[in-house]
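K.L.:
After the C-alpha cells below, expect a handful of questions from me.
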Amino acid sequence: NAGVTQTPKFQVLKTGQSMTLQCAQDMNHEYMSWYRQDPGMGLRLIHYSVGAGITDQGEVPNGYNVSRSTTEDFPLRLLSAAPSQTSVYFCASSYSMTGGTPNNEQFFGPGTRLTVL
Amino acid sequence: GENVEQHPSTLSVQEGDSAVIKCTYSDSASNYFPWYKQELGKGPQLIIDIRSNVGEKKDQRIAVTLNKTAKHFSLHITETQPEDSAVYFCAASSFVWRALTFGSGTRLQVQP
C-alpha cells in the first residue's frame, strides 16, 4: 500500500490564484480530513469527510472547498489564495470502525508546503 | 469545542535520560488520546495512543498515562536516543467528533 499520498510537495502561488491540493489513500478508509500546520499552533482541522459524498467543515474552513466523489480521493481547493493561507497542509485518513469499535487512528500524508505571495 | 494544551514547548535531554511531555484537555467527552512524532519535512506519525477506559499503556521505551479526573495525559520516553529527536504532538478526539484537536507541539532534542 502507498498509504496517504499528497501532491504537489511544494507550491508557490500569487494572491488571488486558485489551485487544488490532491490527496489520495489506498487503504479503503472511510474518514478523510485536511489539516493545516502553522508554526507554534499545532495542526488545525480545515474540512473532513466521513464517506463518499459527505463533507463538513472543521475549525478553519474559510477560503477552502472540498468534495469527496470517491472513497480514495479528497481534494482541497483554494478558491482565491491569500498570504494567510501560507502553511503546510496535511491530509489524513482512517477507518470508521474496526472490529465493531469506532476507530480514531489517523494516518497522515507527507504534506504540501504552500507559499502565497 | 475541545482545547488541548501541551508543555513544554522545547525539551533538551542527554542521551539515556527520560523525557516527559504533558497535555491537558478541556472536553470531558474526549475519549481517544494519540501521540504523534513529526520529523523534519514529514507528516505526523502515530507512536502510541490511549483510550479513556485505560490508565496507562506501554510500548517498549514509550508509555502514555491518562488521568481522566484531572483531564491530563502524558508521554514518557525512557532511555532516550538521538533518533528520538523530533517534534511531538498530543491530540484528543471522541468517537462522535472524530477530528483530532492537537496540542501546539514539543520539540525534543536528545544530546549525544
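The values are calculated or read from the model by the stated rules, or taken from the named source; none is laboratory data. Note that the coordinates shown come from a computational prediction; the quantities given were computed from them, not determined experimentally. Positions of Cβ are backbone-derived with ideal geometry, glycine not excepted, and every protein chain shown enters the neighbour counts. Only protein heavy atoms, including side chains, enter the accessible area calculation; ligands, DNA and RNA are left aside. Shrake-Rupley method; radii C 1.70, N 1.55, O 1.52, S 1.80 Å.
K.L.:
Ballpark to the nearest 100 Å², how much total accessible area do B and A bury together, probe 1.4 Å?
P.N.:
In total, chains B and A hide about 1700 Å² from solvent.
K.L.:
Next question. If you split all Cα-Cα distances of the stretch B:22-72 into 10 Å bins from zero, what percentages do you get per bin, shortest first?
P.N.:
Binned Cα distances yield the sequence 23, 50, 24, 3.
K.L.:
Given a 1.4 angstrom probe, I'd like the percentage of the accessible area of chain B that is carbon and sulfur, rounded to a whole number.
P.N.:
46
K.L.:
Over the protein assembly as shown, what number does the Rg to Rh ratio reach, with both radii from the alpha-carbon atoms and Rh per Kirkwood?
P.N.:
0.97
K.L.:
Another question, if that's okay. Calculate the mean, over all residues of peptide A:35-45, of how many other protein chain Cβ atoms lie within 10 angstrom of the residue's Cβ.
P.N.:
5
K.L.:
Sum up the charges of everything whose Cβ sits under 12 Å from the Cβ of residue B:88, counting Lys and Arg as +1 and Asp and Glu as -1, but leave residue B:88 out.
P.N.:
On the way: positive: B:22, B:37, B:107; negative: B:39, B:84.
Surrounding charge for residue B:88 is +1.
K.L.:
Ignoring ligands, DNA and RNA, what percent of the 1.4 Å accessible area of chain A is carbon and sulfur?
P.N.:
Ligands and nucleic acids excluded, carbon and sulfur reach 52 percent.
K.L.:
Net charge within 14 Å of residue B:46 by Cβ-Cβ distance, Lys/Arg positive one each and Asp/Glu negative one each, not counting residue B:46 itself? Present the calculation step by step, with values, prior to reporting the outcome.
P.N.:
Numbers: positive: B:37, B:42, B:51, B:57; negative: A:105, B:39, B:49, B:59.
For residues surrounding residue B:46, the net value is 0.
K.L.:
Could you please report the charge total around residue A:67, scoring K, R as +1 and D, E as -1 over all other residues with beta-carbon less than 10 angstrom from its beta-carbon?
P.N.:
Residues close to residue A:67 contribute a combined charge of +1.
K.L.:
How are the Cα pair distances of chain B distributed, in percent, across 5 Å bins from 0?
P.N.:
Result returned by the calculation: 2, 13, 24, 25, 19, 10, 5, 1, 0.
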